[in-house]
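Note sheet for the following structure.
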Amino acid sequence: MTQTLESKNTVDRLKIYKTSPELYDAMMAMSNAAAKDIDVELGELIKIRASQINHCAFCLDMHTRDARKHGVSEQKLDVLAAWAEAGDLFTEQERAALALTEAITELGDGHVPDDVYERAASVFTERELGQVIAMAVTINAWNRINVTIRLEPPRR
């Protein structure tokens, strides 16, 4: 295990949602706006995939539970990190949204590649494409805040 994974939270972190409730409200407004007109299962897959990449345990815990409640299959959840190798388990829309989510999350070349964008644009309406982009951007913002403050999933 690397030092980062082994190290414990030795520094008290900001309770940002308590000290800045307007930030939480704004993030919730963005989340709700991004979710309009997007299939709930697709939305959860987007949130989970970005959270996997960003190592956000809090969001992974929340959104995998939500995905199950909304009917996402255990098989899809089991192989989501390797969706591109899962054959036709994922629909064309799901594959396009997941590819776009990964490109937005990683921004390896400083931009979303044209082929990834065009693939998504070919399977979504303009409104849906905007919602998918907004959902990926929003979950990335949540992830980055939660990872920075080391928000942990609740113990059950």
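The values are calculated or read from the model by the stated rules, or taken from the named source; none is laboratory data. Remember, it's a predicted structure, so these values are computed and weren't measured experimentally. Every residue, glycine as well, gets a Cβ built from its backbone with ideal geometry; the counts of neighbours run over all protein chains shown. The protein model used for the area step is the full one, side chains on, heavy atoms only, and it has no ligands, DNA or RNA in it. Shrake-Rupley method; radii C 1.70, N 1.55, O 1.52, S 1.80 Å.
Using θ = phi - 60° and the Karplus relation 6.51 cos²θ - 1.76 cosθ + 1.60, list the HN-Hα couplings for the range 88-104 in order, rounded to whole Hz, with x at every Gly or Pro.
Residue by residue, the range 88-104 yields 8, 4, 9, 5, 4, 5, 4, 4, 5, 5, 5, 5, 5, 4, 4, 5, 5 Hz.
If I take every Cα pair under 8 Å that is 6 or more residues apart in the chain, average their sequence separation and divide by the length, what percent do I get for the relative contact order?
The normalised contact order for the chain reaches 36 percent.
Compute the angle between helix 21-35 and the longest alpha-carbon principal axis of the chain, please, reported from 0 to 90 degrees and rounded to the nearest 10.
20 degrees
Two decimals is fine: what is log10 I(q)/I(0) at q = 0.18, 0.20 Å⁻¹ for the range 14-156, from a Debye sum with one equal scatterer on every Cα and no solvent?
-1.07, -1.30
Convert each backbone phi in the range 58-73 into a coupling constant with the Karplus relation 6.51 cos²θ - 1.76 cosθ + 1.60 (shift: θ = phi - 60°), then list the ³J(HN,Hα) values in order as whole Hz, x for Gly and Pro.
4, 5, 4, 4, 5, 7, 6, 5, 4, 4, 4, 4, 8, x, 5, 5
Place +1 on the Cβ of every Lys and Arg and -1 on the Cβ of every Asp and Glu in the range 20-149, take the dipole about the Cα centre, and give the residue among GLY71, TYR24, ALA121 whose Cα lies farthest towards its positive end.
Going by the Cα projections, it comes out as TYR24.
Taking the Cα centre of the range 4-138 as origin and charging only Cβ (+1 Lys, Arg; -1 Asp, Glu), how large is the dipole, in debye to the nearest 20?
680 debye
With every protein chain left in place, what is the accessible area per residue of the chain in square angstrom, probe 1.4 Å?
That works out to 59 Å² per residue.
What does the net charge come to around LEU14 if you take all other residues with beta carbon closer than 15 Å to its beta carbon, with K and R at +1 and D and E at -1?
+2
Run the helix sum for the chain: -39,500 (n - 2.57) per DSSP H stretch of 4+ residues, divided by residue count, reported at 222 nm to the nearest 500 deg cm²/dmol.
Estimated from H runs of four or more residues: -20500 deg cm²/dmol.
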